[in-house]
Structure formats: structure tokens, C-alpha cells
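Chemist: Structure provided below as C-alpha cells; questions to follow.
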Amino acid sequence: MTYRSYAACAFVKKAIILPSGEARRPDRVMIQGDNVIVVDYKFGEPTVRHKRQASDYRDLLLQMGYARVSSWLWYVEKDIIEEA
């Protein structure tokens, strides 16, 4: 199943507002029931910072009450996809 056929609802660059008033904007969030997939598109070399950012998005969505959230990094130029 591709991500395009997965989502009942998909959001691109929609803000998640933190209690502090700051916003986080994952590149793509796909929701189907309690299942959520977060995809962050990256360019260049994989870094620990990228993984931390994607896992932070996952943690935010878990705090919002979604039961199952996975976060992924897609290094577009290298066509590498990895779970964060």
C-alpha cells in the first residue's frame, strides 16, 4: 500500500500549536482512524537532528491522543526512506 492510498485524511505543512504558542509544521501527516504517519522530506545527508525532529513530531501527535503514530524521513535526492 502506498502512502497515497493509505490516508483517509492528509495534511501538508499544517501547524501543530504547542502550549507555549510555538508552532511545528511537519511536511506531511496522514491519518486513518487512530493510525497516523508523519513524513518529513529532507535533502542532503541524513543527520541525527533530522531523526530527532521527526520523532518530536511523532511525540506531539501521541500527546494529541492518537494511539499509533509512526514517523518517517524521506531523503528525496537519495531516495532513502527510514523510520525515525
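Each value in this text was obtained by applying a stated rule to the coordinates, not by laboratory testing. From a predicted model like this one, the values you see are computed outputs, not experimental measurements. Using ideal geometry, Cβ is built from the backbone for each residue, glycine included, and neighbour counts are taken over all protein chains shown.
Chemist: In segment 3-83, what percentage of the DSSP-assigned beta bridges are antiparallel, given to the nearest 5? Don't jump to the answer; show the numbers that get you there.
Modeler: Values: 15 of 23 bridges.
Approximately 65 percent, going by the DSSP bridge assignments.
Chemist: Now for a different question. Which of the GluC sites (Glu not before Pro) across segment 23-84 are loop residues per DSSP, with 13 or fewer other Cβ within 10 Å?
Modeler: Details: sites: Glu77, Glu82, Glu83; in loops: Glu77.
Qualifying residues, ordered by number: Glu77.
Chemist: On to the next question. DSSP loop trypsin sites (Lys or Arg not before Pro) in segment 17-84 with at most 14 other Cβ atoms within 10 Å of their Cβ, which ones?
Modeler: Numbers: sites: Arg24, Arg28, Lys42, Arg49, Lys51, Arg52, Arg58, Arg68, Lys78; in loops: Lys78.
Qualifying residues, ordered by number: Lys78.
Chemist: Determine ³J(HN,Hα), in whole Hz, for all residues of segment 61-69 in sequence, where each value follows from phi through the Karplus function 6.51 cos²θ - 1.76 cosθ + 1.60 and θ = phi - 60°; x replaces Gly and Pro.
Modeler: 5, 5, 5, 6, x, 6, 6, 10, 10
Chemist: Let me ask something additional. Using alpha-carbon pairs under 8 Å, 6+ residues apart, how would you state the relative contact order of segment 3-83 in percent?
Modeler: Working: 138 pairs, mean separation 20.2, N = 81.
Rounded, it is 25 percent for segment 3-83.
Chemist: Cut-off 17 Å, label point 7 angstrom out along Cα-to-Cβ of Met64: give me the residues of segment 20-44 whose amide nitrogen falls inside.
Modeler: Within reach of a label on Met64: 20-41.
Chemist: Another one. Treating only the Cα positions of segment 1-75 as identical point scatterers, give the base-10 log of I(q)/I(0) from the Debye formula at each q in 0.25 Å⁻¹.
Modeler: Evaluating at q = 0.25 Å⁻¹ gives log10 I(q)/I(0) of -1.25.
Chemist: In addition: Could you list which residues have their amide H under 5 Å from that of Ala84, counting only those 5 or more apart in sequence or on another chain, with H placed in the peptide plane?
Modeler: Ser71, Trp72, Leu73
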